[in-house]
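To start, the structure under review is shown below, and the notes come after it.
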Amino acid sequence: MTPKLDVVCASRDGRDLHLDIYEPTGPINHRIAVLVHHGGGWAAGDRKMLQPQCEELAKRGFTALAVEYRLVTEAPWPAQLVDVKTAIRWTLSHADELRIDPKKLVLQGHSAGAHLALMAAGTVESADLDPDFQFEGPAGPIAAVVAYYPPVRLDPSMRMPDMSAGPDPAAMAALRGPNGSIPAAMLLAGAATEDSAAMASPLSHAANLPPTVLFHGTDDGVVAPAGSVALYEKLSASGIPSELHLMSGGDHAFDSMPILGEVCTAASEAFLRRYIIDPQAFAEEEVRMNPIIAMRRGVMPPSVTRGAGRGDD
């Protein structure tokens with residue numbers, strides 16, 4: 001099925017914002033929309049980068065929407081989050097047309113886009129950073145988040161390296177805090193304070209997140225995996241269903257390799273099957289296939305039941 005490209009979802013500051021829509025291409029349609037957000041440090045990149053990820057999602061039965069948001073070179077924070085929430089509201093208002101379940105909206109992001117996905121999901125019920133909230137209500141519900149190598153800690157004490165000559169190994173290394181932090185000035189510029197950095201850090205909103213699956217490379221040279229580990233620990237402590245997948249030897253954007261991207265998409269689909277697509281069907285299959293689970297739930301698995309009357313005397 002041919003993608004629907006350059007669909008206008010809103011206008012902000014005199015210019016249009018767009019979505020690229022990839023409808024399911026295989027025999028399955030989960031009726032679930034996945035809004036996908038690109039990386040680029042909030043200052044570069046565009047939704048066209050997401051074509052491989054969106055095509056892989058569509059192949060697996062999801063309606064994938066590649067989201068455009070204004071970069072910090074065009075509009076200061078929180079314009080990026082406002083644009084993400086605008087795309088969410090547009091998607092929900094077009095649920096019938098898209099043939100999706102509005103109660104099962106998923107946000108996926110890569111690097112800076114993962115930050116935005118986590119922020120949007122973690123602040124659904126808050127008017128902070130959402131000027132449209134008082135007029136249009138929450139930009140949700142959000143059923144789940146899929147976050148690839150997200151920056152989850154914005155640190156106002158970290159200095160921005162000189163990037164005037166473009167990124168180089170030394171400058172990229174200077175962006176990487178060992179605890180998963182990055183300079184808050186990357187997103188907030190001169191408005192970076194302790195309070196504003198905390199407000200813009202997904203770790204501050206962990207308790208409000210829906211089921212979340214995280215992917216991070218162990219050798220990420222831009223965002224240390226310690227941030228994803230910390231977020232996973234907070235999610236677990238809050239009782240929120242979550243998974244953390246650490247890709248051994250993986251650097252930033254490791255999923256650009258098709259074989260690794262396909263593995264991660266399969267893992268995220270499995271996570272969504274457990275918690276979003278059809279949790280009841282998964283639970284029933286788990287009892288049928290896993291005798292340990294059946295025992296813990298006090299159910300006799302079919303394989304045991306079938307063999308009970310054979311009599312081996």
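Suppose the filter is modelled with pLDDT of 95 or more, loosely packed, with under 13 Cβ neighbours inside 10 Å and touching a helix residue (DSSP H, G or I) at 6+ places or on another chain (Cβ under 9 Å); does residue 303 pass it? So residue 303 fails the test.
When residue 101 is tested against (1) of a type outside the set (A, V, I, L, M, F, W, C); (2) touching a Lys or Arg at 6+ places or on another chain (Cβ under 6 Å); (3) under 21 Å from residue 231 (Cα atoms), only condition (3) is not met. The sole residue among 150, 178 that is surrounded by fewer than 17 Cβ atoms within 10 Å (Cβ to Cβ), of a type outside the set (D, E, K, R), within 17 Å of residue 228 (Cβ to Cβ) and in contact (Cβ under 8 Å) with a residue 40 or more places away in the chain is 178.
Only residues that are without any contact (Cβ under 8 Å) to a residue 60 or more places away in the chain and either under 16 Å from residue 100 (Cα atoms) or of a type in the set (A, V, I, L, M, F, W, C) (or both) were counted across the range 63-77, and they come to 6.
Yes or no: residue 254 closer than 17 Å to residue 108 by Cβ, at pLDDT 95 or above and in contact with a Leu (Cβ under 7 Å, 6 or more places away or on another chain)?
Details: closer than 17 Å to residue 108 by Cβ: yes; at pLDDT 95 or above: yes; in contact with a Leu (Cβ under 7 Å, 6 or more places away or on another chain): yes.
Considered against the rule, which asks whether it is closer than 17 Å to residue 108 by Cβ, at pLDDT 95 or above and in contact with a Leu (Cβ under 7 Å, 6 or more places away or on another chain), residue 254 comes out as yes.
The conditions are (1) among the hydrophobic types (A, V, I, L, M, F, W, C); (2) over 21 Å from residue 146 (Cβ atoms); (3) part of a loop (DSSP other than H, G, I, E, B), and residue 135 fails exactly one of them. Which is it? Failed condition: (3).
Screening the range 172-290 for helices (runs of 4 or more DSSP H) wholly inside it with 2 or more residues that are out of contact with any helix residue (DSSP H, G or I) (no Cβ under 7 Å at 6 or more places or on another chain) and of a type in the set (Gly, Ala, Ser) returns the ranges 226-237, 258-272, 279-289.
Residue 84 meets each of the listed conditions (1) surrounded by fewer than 23 Cβ atoms within 10 Å (Cβ to Cβ); (2) touching a His at 6+ places or on another chain (Cβ under 9 Å); (3) assigned to a helix (DSSP H, G or I) apart from (1).
If we keep just the residues of the range 56-81 that are part of a helix (DSSP H, G or I) and not acidic (Asp, Glu), which is surrounded by the most Cβ atoms within 10 Å (Cβ to Cβ)? Break it down stepwise before answering.
Our first condition is that a residue be part of a helix (DSSP H, G or I); within the range 56-81, this holds for 56-59, 79-81.
Subsequent filtering for residues that are not acidic (Asp, Glu) retains 57-59, 79-81.
Details: 57: 28, 58: 21, 59: 16, 79: 18, 80: 26, 81: 21.
Among those that are part of a helix (DSSP H, G or I) and not acidic (Asp, Glu), it is 57.
For the range 1-13, indicate whether the set of residues that are farther than 11 Å from residue 66 by Cβ and in contact with a Lys or Arg (Cβ under 8 Å, 6 or more places away or on another chain) is non-empty. Yes, there is a match, as at least one residue in the range 1-13 is farther than 11 Å from residue 66 by Cβ and in contact with a Lys or Arg (Cβ under 8 Å, 6 or more places away or on another chain). Against the numbered list (1) under 24 Å from residue 81 (Cβ atoms); (2) surrounded by 15 or more Cβ atoms within 10 Å (Cβ to Cβ), residue 189 comes up short only at (2). Every condition in (1) charged (D, E, K, R); (2) surrounded by fewer than 19 Cβ atoms within 10 Å (Cβ to Cβ); (3) under 16 Å from residue 114 (Cα atoms) is met by residue 220 except one, and the failing one is (2). Tell me whether the range 277-293 contains one or more residues that are under 18 Å from the mean Cα position of the chain (by Cα) and either modelled with pLDDT of 95 or more or surrounded by 12 or more Cβ atoms within 10 Å (Cβ to Cβ) (or both). Looking through the range 277-293, at least one residue is under 18 Å from the mean Cα position of the chain (by Cα) and either modelled with pLDDT of 95 or more or surrounded by 12 or more Cβ atoms within 10 Å (Cβ to Cβ) (or both).
Conditions (1) part of a strand (DSSP E or B); (2) surrounded by fewer than 18 Cβ atoms within 10 Å (Cβ to Cβ); (3) in contact (Cβ under 8 Å) with a residue 60 or more places away in the chain; (4) of a type outside the set (Lys, Arg), marked per residue:
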position	(1), (2), (3), (4)
2	no, yes, no, yes
17	yes, no, yes, yes
21	yes, no, yes, yes
54	no, no, no, yes
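Scan the range 92-145 for residues that are small (Gly, Ala, Ser) and crowded, with 23+ Cβ neighbours inside 10 Å and the total you get is 10. Based on this model, can you work out whether residue 6 counts as closer than 30 Å to residue 234 by Cα, surrounded by fewer than 21 Cβ atoms within 10 Å (Cβ to Cβ), in contact (Cβ under 8 Å) with a residue 12 or more places away in the chain and of a type in the set (Asp, Glu)? So residue 6 fails the test.
The values are calculated or read from the model by the stated rules, or taken from the named source; none is laboratory data. Nothing here was measured: the structure is a model prediction, and the numbers come from that model. Note that we place each Cβ from the backbone using ideal geometry, even for glycine, and neighbour counts take in every protein chain shown.
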